[in-house]
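Please treat every number below as a calculation from the coordinates, not as lab data. No experiment lies behind these values; they were computed from the predicted model shown. Cβ atoms come from the backbone with ideal geometry, glycine included; neighbour counts cover every protein chain shown.
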Amino acid sequence: MCISNPSIHIPFSQVNDDYCDCPDGSDEPGTAACSYLHHFSPDQPRPGANALTPKNESMALPGFYCKNKGHIPAYVRFENVNDGVCDYDVCCDGSDEYAGVGGVKCEDRCAAIGKEWKKQEEVRAKSMGKAMKKRKELQFEADKRKKEVQEKIDATEIRVQGLERKLVESEENLNEVERNEKMRAVKSDASGKGTGRLGVLLSLSRDRVQELRDALTKTRKMRDDMVTRVTELEALLTALKEEYNPNFNDAGVKKAVQGWEDYAARESTDTWSNAEDRDLVEIAKEDGSDSGINWSDFEAEEEGSSDAAAIYSLTSYLPPPLQSWLGGTISSLRQILIDNGILPDITKSTNVDDSPAVKNARKTKDDTQRDLTNAQNDLKRDRDDLDKDYGPAGIFRALKDTCVEKESGEYKYSHCFMSKTTQQPKKGGGQTNMGSFKGYEVEYVDDDLPADGKGLGRGDRIVMWYEGGQHCWNGPARSTRVVLGCSEVDEIYKISESEKCVYRMEAGTPAVCGWVDQPEGEQVDGAEQQKLGTAKDEL
């Protein structure tokens, strides 16, 4: 019975009789009799076939069947049967040359080939086991890093909320301090405090004394530093004088020693006593009731010397609650008159921003604003990182910025996962950017896996593509496609340049082992597979 045409029956004696009886060639699996079959071939009569019966002439078999006893059965293309060439890579038993065309006789090598294949298969299986174990470790690390990012986001969100509240409070506090300082200036003006000529002179004198005190402190520090340096130099010259060899005829050394002796013999007039040093310490102290000038005494005199102050101080004869109410009311009323242009604004000549209270309040607000901006930037960066596509199940998170290198030709190539690809001359020179990471693709690969397993094999493979590298001379910007296969370690297999400045890297990593055909409970979810493509992997 023909496989694709069950209505057609032929006797067993016509199987493998070197004559094609079935329309689909299924009666000649062990000969090349049906090799001519093609969908363009005209219809031909077949024994037992009714002309009115539709026939399926599509080839039922992919080729000549080789039993390969001791190894793996396989099919060889019909056109390669009895062509005078032993196709041991497919038919290790030599049955594809059964007719002995041209005197060629292919011996059966399946025992030796099968033994070697099993040995290599054991090595590949062992390597695959290690690779899958490594992949689980990478997945664990990727999940751990993702969790750390999420925890960091949660902590930063709480911190941002606290800083936002603190910023509002610091802004309100700054406004309140500025308002109080302006009210204090208004009240001072009304009371006559600091508005006379003596008040102006008092303020200038106080500032000048502080400038001189700061300069004295700085000069004293410079003096102490210079004394330390001179002491060290004198010690060096003393050692030179005591240890140099007078018999050694070196004019420069002798001159230096003589100069030091002259220097040491001179009387010094730049010394100072401990009492003078204590005086400097006292002068450098801050002014106050216990040291220097007590400026508040002069300010009190100035305040009392103003006629306006005398009038304003009438409130001191009132009960304390009434004093507070009346003082606040007068200051508020004066501020309203200033705001409406009825009275001059003396606060414009009295810069409230220079007051210590305002400076501290503004510094607190600025520091809070800076901390909030930094925290918001950190939060955005971490959220972007959490939403970033790190491949199937996010496993490439564990490999981000991990780099592998390989020398090929005149260059050393580097691939940094999810970062960039580069090339660098082996004889020296700078790195050339071959592209920055842009995303993923899926590419079907149909390659024979080499004996050492360092290849892509056959099936869908994840591709990392990199674009926007350094421009070529009279060419495009460099770009790279990195096709990933399963391997025990991260490595680059080979590099090629398909066209000018367009590179292709074939690389291996345990991160892609089983990314499609994973064991139960470890499958990549449907969304990930849909992003990367339909899976037909054969690891």
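The table for this structure:
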| read-out | value |
| --- | --- |
| Of K146/K420; K400/K494; K218/K255; K136/K454; K126/K406; K105/K126, pairs whose Cα-Cα distance is over 30 Å | K218/K255; K105/K126 |
| Lys/Arg +1, Asp/Glu -1 at C-beta; segment 392-532 dipole; positive extreme among I395, V489, P425 | P425 |
| In order through segment 120-131: 3J(HN,Hα) via Karplus (6.51 cos²θ - 1.76 cosθ + 1.60), integer Hz, x for Gly, Pro | 5, 5, 5, 5, 5, 5, 5, 5, 5, x, 5, 5 |
| HN-Hα J in Hz across segment 167-172 - Karplus 6.51, -1.76, 1.60, θ = phi - 60°, x for Gly and Pro | 5, 4, 5, 5, 5, 5 |
| Most to least packed among 94-100, 381-387 [average Cβ atoms within 10 Å] | 94-100, 381-387 |
| For N68, residues with placed amide H under 5 Å, excluding near neighbours | D93 |
| Dipole magnitude (debye, nearest 20) for segment 392-532, charges at Cβ of Lys, Arg, Asp, Glu | 820 |
| Packing-based ranking, highest mean first, of 10-18, 424-432 given that Cβ atoms within 10 Å are counted | 10-18, 424-432 |
| Amide H within-cut-off set for D21, under 5 Å, with H built and near neighbours excluded | D27 |
| Cα pair distances of segment 392-532 binned at 10 Å [whole percent] | 11, 42, 33, 11, 2, 0 |
| ³J(HN,Hα), Karplus 6.51/-1.76/1.60, whole Hz, each residue of segment 18-25, x for Gly, Pro | 6, 9, 7, 8, 8, x, 9, x |
| Under-5 Å amide H pairs with G435, H placed in peptide plane, nonlocal only | T421, G469, Q470 |
| Euclidean distance of C-alpha centroids, segment 463-504 and segment 77-146, integer Å | 29 |
